[in-house]
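A short reminder: the numbers here are calculations on the coordinates, not readings from a lab. Small disclaimer: the values here were computed from a predicted structure and weren't measured. Heads up, the Cβs are rebuilt from the backbone with ideal geometry, glycines too, and the neighbour counts pull from every protein chain shown.
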Amino acid sequence: MIRMPFEDIVAKIEENSNLSKDVIEDKIKKKMSQLSGLISKEGAAHIIANELGIKLFENISGKLQIKNILAGMRNVETVGKVQQVFEVREFASENRHGKVGSFIVGDETGSIRMVLWNDQVVSMENLKAGDIVKISGGYVRDNNRKIEVHLNDRSNMVINPKGEKIENVKELKSIRKSIKELTEADDDVEIVGTVVQLFDPRFFEICPKCGRRAKPKDSGFACDTHNDVEPIYSYVMNMFVDDGTDNLRVVCFRNQAERAIGKTREEMLKYREAPEKFEDMKKEMMGNLVKFHGRVVKNEMFDRLEFVCNRVFTDINPEEEIKRLSEEVEIVEKNKEEIKAEPVKAEEIADSEVVLEEKEEESKPTENLPSVEEL
C-alpha cells in the first residue's frame, strides 16, 4: 500500500480546498470519533480528502520527481543527480549474506537515498558526485521515517544516460538547531559548534567480510557468522562541541572521524600503534568551528543526550554563518514590530484597565499583617 505521511495529506487538502489546517484536522478528529477509533488518523485523512473530491496521488506511473516518491510504491522510475556516495558493506545473517551500498540523489524537488543490493552494487564502482543516474524498477521503503528507493536484481540503473539533465538540485538540508533545542526525537538535524575537547580514537576489531565485531578467543578472533577470521580495525572518535547555548558529546564513526580531522584510514590506524601522536591533533582541533549532520540518541548509562554524526563539514564559512544569524535576528525583530503594530481592541484595553486596578488594590498597604522580619 502506498503511504503518504499525515502532514503531507493535510497539506494537500489545504492546498486544494478553501479549508484551513485547523478546520481540516478538526474534520479528521470527528471522522475518527465517528468510526469509534477503528481507523488511523492517516486513514481518516484519506476519507476526508475523498469526500472533498481531492485526489491525493497524481502521476504515480512513469518518471517521478523525487517529491512524489512515496513509501509502498513499486516499479519506480526516477532521475537524479548524485550528491553523496557511501561505502559498500558486506552483511551476513543466519538466513542470507551479500553486499549493500547506497548514495544520495537529488533533483529540483528534493533528495532521496538509493539503496542497492547484491549484484546491483557493482554498478556503483565508478559512481561519483555529480553523475546523473536513471533508476527504474525500484521499490520504496520507509526506514525510520526516511523514504528510500531500493534496487534489487530486477531493477536497473543507468549512469549519465543520454538526454537526461538535472539543472538545479534542491539543496539537501537538515533542520538547523542549537544544542539547547535538541531532543531525543531529532533524527535528521544540523548543529554548528566549536570543538572544546577531543578524545583519543578507540579502535576495535571487526570481521573483514561483514564488518561486524570480531570477538577474541584463545587463538585469535572469531566472527559469529564467518568463524575464525583475521580481523581488521575500525574506530570511533568522540568530541565535545559547544555552540554558546550548551555543549554536547558528538560521536564520529570511521568515515566521519576521518573527515572531522582530515586524515586517511592509513593515518588513523597509525594512532593505534602510537596514541601519543594524537596529542598534536587534539591541540589542532581545539577551537575549530565544525558543522555536523546526524541524529540525537540517549546515553542511558550517563542519562544524557549525544549526537551521532553521519556527515561532518570542517570548511565552515564564518561570513555565511554570520549572515544566517543576522537573517534570523531580522526575522525575530520583524515579528516583534508586527506584534507592536497590531491594533489593540477596545475590550482588550478594558480588560487591561481591570487588571491594573486589581494590581493597584493588591499593592496597597495591608493593616495588621506581620512584616517579613517578624515572621
#### Entry: Label-point separation, Lys209 to Phe302 (7 Å along Cα→Cβ), nm
3.6
### Summary
Counting only DSSP loop positions in the range 165-196, the trypsin sites (Lys or Arg not before Pro) whose Cβ has at most 14 other Cβ atoms within 10 Å are Lys165, Lys170, Lys173
### Query
Taking 0.36 nm per residue of separation and subtracting the Cα-Cα distance, what length does fully extending Tyr233 through Lys30 add?
67.4 nm
### Summary
In whole percents, the bins of 5 Å from zero upward hold the Cα-Cα pairs of the range 259-298 as 6, 17, 24, 21, 16, 14, 3
### Task
Kindly work out what percent of the DSSP beta bridges joining two residues of the range 112-175 are antiparallel, to the nearest 5.
70
#### Entry: Extended-chain gain in nm, criterion 0.36 nm per residue less alpha-carbon gap, Asn152 and Asp280
41.4 nm
### Query
If you take the C-alpha gyration tensor of the range 175-316, multiply each eigenvalue by 5 and take the square root, what semi-axes do you get, largest first, in whole Å?
29, 19, 13
### Total charge dipole magnitude, the range 132-193, about the Cα centre, Cβ charges on Lys, Arg, Asp, Glu only, Debye to nearest 20
280
### Three principal axis lengths of the range 259-327 [C-alpha, angstrom, descending]
48, 34, 19
### Projected label distance in nm at Lys128 and Glu320, using a 7 Å step from Cα toward the beta-carbon
2.2
### Message
Sorted from largest to smallest, which semi-axis lengths in Å does the alpha carbon gyration tensor of the range 63-159 give for its equivalent ellipsoid, taking the root of 5 times each eigenvalue?
### Response
20, 16, 12
### Summary
Rounded to whole angstrom, the alpha-carbon centroid of the range 159-213 lies from that of the range 242-287 at a distance of 16
### Normalised contact order of the range 131-267, rounded percent, pairs of Cα under 8 Å and 6 or more residues apart
17
### Query
In which sequence would Ser155, Ser20 go, from the one with the fewest C-beta neighbours within 10 Å to the one with the most?
Ser20, Ser155
